[in-house]
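Just below is one structure, and these are the notes that go with it.
No lab work stands behind these numbers, since they all come straight from the coordinates. Please read all numbers here as calculations on a predicted model, not as lab measurements. Cβ: placed from backbone, ideal geometry, glycine included. Neighbour counts: every protein chain shown.
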Amino acid sequence: MESVWSLCVGALFACWLAGSVVNQFRLGSWRKVTAHDRFMLLPRWTFFAPNPGRTDPHLVFRDCRDCEPGPWREIGWAPPNRWLWWLWNPGRYPRKAVSDLAAAVMTGAAAATGSDARLATLSPAYIALLQCVMAQPGAVSGGLRQFAVVHSRTFAAQRPLQVAFVSEWHRVEP
Amino acid sequence: MITPEPLAALDLTGRVVALGVALWSLELLAVRAAFADGGVFAPAVAGSLRLGAKQSRRPDRCLYPALLVQLGAGVVVAAAGPMSQVGRVAVLALLIAYVAARQRRVLGGDGAEQLAAIVLVAAVLAALPVPSSTRVALAVGFIAAEVGLAYLTAGVAKAISPMWRSGAAIPAILATHTHGHPVAAALLADRPRLSRFVCWSVIAVESLFPLMLFGPTWLVVATLTAGLAFHAGCAVTMGLNSFPWSFVGSYPCLLAAIPLARSLF
């Protein structure tokens, strides 16, 4: 019985390792397999390559009342404690999540051009960001809300900002 | 060269990774506001990312129990070891809780978390129902192969990147708020030769890392020391505090896999 179990475990490890190797390449047909990787067990080990993120994404939104757009507000998190973050860095989770969603939205927007431009608003990442934005306080029932992804870089106090993506206006459900 | 026994190596790796996973559960509890409505991990946000999946409140009721089990079981595994009688039950509970919490979060994961999952699955399969020398050796070899693949892929991906080869990548990363540090950024700013040296050092260490499985003792010591320094540097300057637990924690398995790798090639 033990030898059968060992054989099964060995076969599982061999298949998993082979799948991990294949997953390092961006093969179009392989995406059908990774689409079913619900437990995220197939790793992709590129780590900041080939093009590392050089900017900080910020998620901002504004409301429109009486046809007048209001000021932009940022959905932010407390800045990290850089003296301690080698051990304790809880803020990395939400920051990474926003960064991943913003990157996915911009990739979708870049791919959907011309008559298909509005297809970007149907992407899971767009809808996820929209869900986050629409749940922020201060919304007026029946009013309109819009979000944007703004990029900043450097630690300078007067950082240059670049608008990377602006969403459509969305009606706040009563 | 003296290498650890596979059982001892898997035990040590399991303890270190379990301690890291326990710490991560505390970090997630610290940002629990992000899991509430309006947060980036809110159920509605997670549901949006799973097109076609049935929207249910059930996973949210599991989140906090899963994180608490992750914390408790992680501490037990770290203390007792994944191969002990108590540790075997605890490592299974840790794996289930870890996967459940990760499923609920969906977003914001990294490679360290993936390697931790790999280590935990390998430890469970090696330890249950009772540890066997064959399955322990397979688990150690599997973990070592995944770690070697991780470093090799990361190194090659950087080596083919013009930005990394030119030395522009690390100064650019360190100048961000997300993964940067003002002191480190200032150190590399306007020093292209130093930046190029640092970028190429990372490329070299990562690309050549798997050679330690086949090289002489001095290469093994030099590679693992460089790896340790690399992850410590990334944790201090970039806030990548999860990577030392998973990657450095897997070094005992790399050492134990050396005889196996040399017998194969």
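Among B:ILE2, B:ILE170, B:ILE143, sorting on how many other beta-carbon atoms sit within 10 Å of each Cβ, with the fewest leading, yields B:ILE2, B:ILE170, B:ILE143. Other protein chain C-beta atoms within 10 Å of residue C-beta, averaged over A:23-30: 1.
In the distance distribution for the protein assembly as shown, Cα-Cα pairs more than 27 Å apart total 56 percent. Counting only whole DSSP H helices of chain A, there are none at least 24 Å long by C-alpha along their axis and with mean Kyte-Doolittle hydropathy no lower than 1.6. For chain A, the ratio of Cα radius of gyration to the globular rule of thumb 2.2 N^0.38 Å stands at 1.35.
From the alpha carbon centroid of the stretch B:180-216 to that of the stretch B:231-260 is 16 Å.
In plain terms, the bigger the Kirkwood radius, the slower the diffusion; for the stretch B:112-265, with that radius from Cα pairs, at 20 °C and 1.002 mPa s, Stokes-Einstein puts D at 128 µm²/s.
Distance distribution note for chain B: the fraction of Cα pairs above 36 angstrom is 21%. Could you tell me whether the stretch B:39-195 comes out rounded, prolate or oblate from its Cα gyration tensor? Rule is a ≥ b ≥ c as square roots of the eigenvalues, rounded for a/c under 1.5, then prolate if a/b exceeds b/c, otherwise oblate. Oblate, since a/c reaches 1.5 and b/c is not below a/b.
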